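Just below is one structure, and these are the notes that go with it.
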Amino acid sequence: MFNSTHMRFTKVLLLSVLLTCTAWLSANAQPIQKAAAVPSAVVLSVDGEDVSLEEFENIFRKNNRDSVVTKASLDEYMELFINFKLKVHAAKAAGLDTVSKFKYELQGYRAQLARPYLTDQEKLDELMQEAYSHLQEEVRASHLLIECKPNALAADTLKAYNKIMDIRKKILAGESFESAAKKYSTDKSVEKNNGDLGYFTAFQMVYPFESAAYNTKIGEITMPVRTQYGYHLLKVTGRRSARGEIHVAHIMVKPKKEDANDASEAKINEIYQKALEGKQTFQELCALYSEDVTTKNKGGELPWFGTNKMVSEFEEASYALKADGDVSRPFKTSYGWHIVKRLGYKPLASFESMSKDIKAKVSKDARAEKTKNSFLSKIGKEYNFVYNQKCINKLASKADSSTYVGQLKASKGLLKKVFCEVSGTKYTVNDFYQTMITRKGANTNLNPVDYVKYEAKMFAEDKLMREEDAHLEGKYPAFRLLMKEYREGILLFELTDQLVWSKAVKDTVGLNSYFEANKANFMWPDRAEVVIYTCANDEIANKLRKMLESGKSPSEAAAELNQGTQLNLQTEGGLFAREDREVLGKIKWTEGLSVNVPMNGQVLVVDIEELLNKSPKKLSESRGLVTSEYQNFLDKMWVEELRKTHTYKVNTEVLHSIAK
């Protein structure tokens, strides 16, 4: 963050802090440590405001991860840190921290930064490790489903449970699982698969289903498993190590179902024989014969896939190939006849390389509810959380289908009752009821009674989470310091934009004055008006030279030399400096034709038509560079003024205490 120029420090600070930290925290959040009791020493004072060594070291180490910490590097960094803090003080003095835009922006960043702190990191890590252990193994299972909606009435839920328990008893008494699935399962896929789901791994089934499968031995029947679809029985029929991912290309021939003389099998066998002969490549055969229109012009290439991503026959044939380049024998799927060529294979990656992806998936499926509930349980104890379900049950009983909250024809006593409490703050039924009025019908997939109970639970949990959110700065030093970086970074950005960046763009008078005073810094280098001829070989180069010397124009020479091809001669003309083209650095800068210059298997000849000496640029020709330099100038003047008008003092002994 701090380096040789203050402008670079400012830009890198803002980009790294304001744009990178949120993504980094989300991807790398670790178990979070609470605040230490020992205060940090003062390393810097600016206008009487102390900056702790903790704050300075946090920023320094974040941006010097791989550097050796020396006294010299600390001193250099501190000079830029002083400039940063002086600017922040100037922004506060200008009242920029009081404007609504600043407050709104900071609030938005805080909400993002708080997320890793508002979850149970230990539980999250546990679930990530569990998911990875599941990914290392694949399970095969059959299932039987009795549908039951998530918001079903208690009586309907009990009816579905009793029904599946009766079916389980019949299976345990001797009826085959396959037969029972055909008879009773409400999963329509049973008509095709008899309940057999094939092999699957983590994240391919809803979490309760996955968990039950991985915790059941081969041949055993589970107790009923509740998911959003209803109640399931599972029978685990196989286990194997993770297969990893495979990359293949295929050629497909579709059967002619309406044709009694279908020759699709004979055709795929002929293609297979051609592939074995090797006279044509697999890609060529694919382009000629494959009937998969989406892949035939791509060599038959398919995306990488793993278990349970393709129909079983295709998957088995692909994984049976032992080496890249191997081609399978013809086989049939529901789509047609195929031959497959293996292009690549990769085993299951390490936990470290997969952790970001695993974390994202864990945070999106039912496991997320477990981390949330675990976190609420922990902070509930910390903040003496109390929830009165009886009050909510009474309120829910008065909900009706038209308004979801009803008219609440309850006694005033119920309205005044406390239904939840957080850190001594009491929330009444009426507090919740007023919220319900504004949100009525928001969760309309639930019946009125369950809707009220659900919203009450969300209301109470929100109050508990807000309590924890309000204590984050006090509990977690890293969060407190990060929020300070964001706060100061936004302030710095706003004031720097006003006094430096936007000012340099808008201040045309100042920009012109700066340009006139510093013209010597904005010069064209020595340049030449040239034509560069790229020839296929020395023979073409020598023919070209004779043509040009005899008076033929470049276009006439090109037309003659490129008869039957466009690759013998190519030309490029323009005004160039030596560094603009590599060949210009390999020749003498004199007017006329250069010697032949071999480069990259070709021969180049340069015709220098006119030499132009070093000359000053116009403002219009260098506005971008001039604006950038003017910004640096404005920033330098601003820093010098701030250092004159503000007081600051570095505690060098404390600063150097972190040097090695």
Here region 565-575 yields Karplus 3J(HN,Hα) values (6.51, -1.76, 1.60; θ = phi - 60°; whole Hz; Gly and Pro given as x) of 7, 10, 10, 5, 9, 10, 10, 8, x, x, 9
Can you tell me the FRET efficiency between N151 and E382 if r is taken as the Cβ-Cβ distance and R0 is 25 Å, rounded to the nearest 0.05? 0.15
Full-extension gain between Q280 and V595, please, as 0.36 nm times their residue separation minus the C-alpha to C-alpha distance. 108.8 nm
Given labels modelled 7 Å from the Cα in the Cβ direction, how far is it in nm from K346 to D580? 4.4 nm
Rg and Dmax of region 475-622 over Cα atoms: what are they, in angstrom? 26.0, 86
Rg [Å, one decimal], Dmax [Å, integer] - region 224-322, C-alpha atoms: 18.4, 58
Mind checking region 299-354 for chymotrypsin sites (Phe, Trp or Tyr not before Pro) that DSSP puts in a loop (not H, G, I, E or B) and that have at most 12 other Cβ atoms within 10 Å? none
The answer for D292, listing residues at least 5 apart or on another chain whose modeled amide H is closer than 5 Å to its amide H, is M252
Expressed in nanometres to one decimal, the distance between label points 7 Å along Cα→Cβ at Q434 and V505 is 4.6 nm
If I model a spin label as a point 7 Å beyond the Cα along the Cα-Cβ vector, how far apart are those points for E549 and K364 in nm? 7.0 nm
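Given a Förster radius of 22 Å and the C-beta distance between S189 and E313 as r, what FRET efficiency does 1/(1 + (r/R0)^6) yield to the nearest 0.05? Display every interim value, and only then the final one.
On the way: r = 17 Å, r/R0 = 0.77.
Once rounded, the FRET efficiency stands at 0.85.
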Assuming 0.692 mPa s and 37 °C, estimate D for the chain with Stokes-Einstein, Rh taken as the Kirkwood radius over Cα pairs, in µm²/s. 97 µm²/s
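Between L446 and R115, what is the FRET efficiency for a Förster distance of 25 Å, r being their Cβ-Cβ separation, to the nearest 0.05? Walk me through the numbers before you get to the answer.
Details: r = 27 Å, r/R0 = 1.07.
Efficiency at R0 = 25 Å is approximately 0.40.
Can you list the trypsin sites (Lys or Arg not before Pro) in region 277-345 that are in a DSSP coil and have 15 or fewer other beta carbons within 10 angstrom? Could you put the intermediate results ahead of the total?
Numbers: sites: K279, K296, K298, K309, K322, K332, K341, R342; in loops: K279, K309, K322.
Those satisfying the criteria are K279, K309, K322.
What does the convex hull of the alpha-carbon atoms of region 55-199 project to on average, in nm²?
On the way: hull surface 72.1 nm².
Approximately 18.0 nm², given one-decimal rounding.
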Low-density loop positions, chymotrypsin sites (Phe, Trp or Tyr not before Pro), region 555-646 - DSSP coil, at most 10 other Cβ in 10 Å: none
For Y648, other-chain or 5+-apart residues with amide H closer than 5 Å (H placed, Pro excluded) are D47
List the residues whose amide H sits under 5 Å from the amide H of C420, counting only those 5 or more places along or on another chain, with H placed 1.01 Å from N in the peptide plane. N388, Y427
Take each of the peptides 282-290, 510-518, 111-119, average the number of other beta-carbon atoms within 10 Å over its residues, and list them starting from the highest. 282-290, 111-119, 510-518
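Every number here is computed from the coordinates shown, using simple stated rules; none is lab data. All values reported here derive from a predicted model rather than from experimental measurement. Counting neighbours? That spans all protein chains shown, and the Cβs are built from the backbone with ideal geometry, glycine included.
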